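Down below is the structure, laid out as structure tokens.
The values are calculated or read from the model by the stated rules, or taken from the named source; none is laboratory data. Keep in mind that this is a model prediction, so the values were computed, not measured. As a convention, Cβ positions derive from the backbone with ideal geometry for all residues, glycine included, and neighbour counts pool all protein chains shown. Side chains are part of the model used for accessible areas, which takes the heavy atoms of the whole protein and leaves out ligands, DNA and RNA. Shrake-Rupley method; radii C 1.70, N 1.55, O 1.52, S 1.80 Å.
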Amino acid sequence: MITIKDILPVGVEHNGKVHRDFELRPAKLLDNIEAIEELGDQAASALRLGTAILARQIVSIGDIPRELITTDFVYQLLDVDYDALEKARESLQKKLIPPKAPSKKPE
């Protein structure tokens, strides 16, 4: 599975330590379904839904236990750290979709 690794600008404090290294995986259809089920009526908010999906894409942040990285956990991130995760998600998406070959013009 393809992932992307990067570093959060500020990081997350957990157990007296700031964690900045993160790894993100592609979103799966199940991530979308689970996020919609989790949020219920709040899934109508694109930002909330995107955040719930992103929480599921995070493979790791430092050595914070994966089970602690939930939607509510991501809600508590600073904007700059959330933006870094979003940027990584966009980069990962670009890696997954191969560039289109130039189309040949009929002669």
Limited to the stretch 29-61, what total is found for residues that are more than 11 Å from the chain's Cα centre (by Cα) and in a helix (DSSP H, G or I)? 19
Residue that is nearest to T51 (Cα to Cα) [pool: residues in the stretch 88-99 that are among the hydrophobic types (A, V, I, L, M, F, W, C) and part of a helix (DSSP H, G or I)]: A88
The stretch 41-76: number of residues that are small (G, A, S) and open to solvent by 40 Å² or more (accessible area, probe 1.4 Å): 3
Looking at P102, P26, which is the one that is within 11 Å of the chain's Cα centre (by Cα) and in a loop (DSSP other than H, G, I, E, B)? P26
Considering only the stretch 77-93, state which residues are over 28 Å from G40 (Cβ atoms) and either surrounded by fewer than 11 Cβ atoms within 10 Å (Cβ to Cβ) or at pLDDT 95 or above (or both). V80, A84, K87
Which residues, taken from the stretch 1-13, are within 18 Å of D79 (Cα to Cα) and either open to solvent by 70 Å² or more (accessible area, probe 1.4 Å) or over 13 Å from the mean Cα position of the chain (by Cα) (or both)? D6, I7, P9, V10, G11, V12, E13
Filter the stretch 21-40 down to the residues that are touching a strand residue (DSSP E or B) at 6+ places or on another chain (Cβ under 7 Å) and either hydroxyl-bearing (S, T, Y) or buried (at least 16 other Cβ atoms within 10 Å of the Cβ) (or both) and list them by number. F22, L24, R25
Just checking, does the stretch 96-106 include any residue being open to solvent by less than 60 Å² (accessible area, probe 1.4 Å) and in contact (Cβ under 8 Å) with a residue 12 or more places away in the chain? no
Pull out all pairs, ordered by first then second residue, where Cβ-Cβ is under 7 Å, the residues are six or more apart or on different chains, the first lies in the stretch 71-87 and is touching a residue at least 12 places away in the same chain (Cβ under 8 Å), and the second is polar (S, T, N, Q). T71/T51; V74/T51; Y75/T51
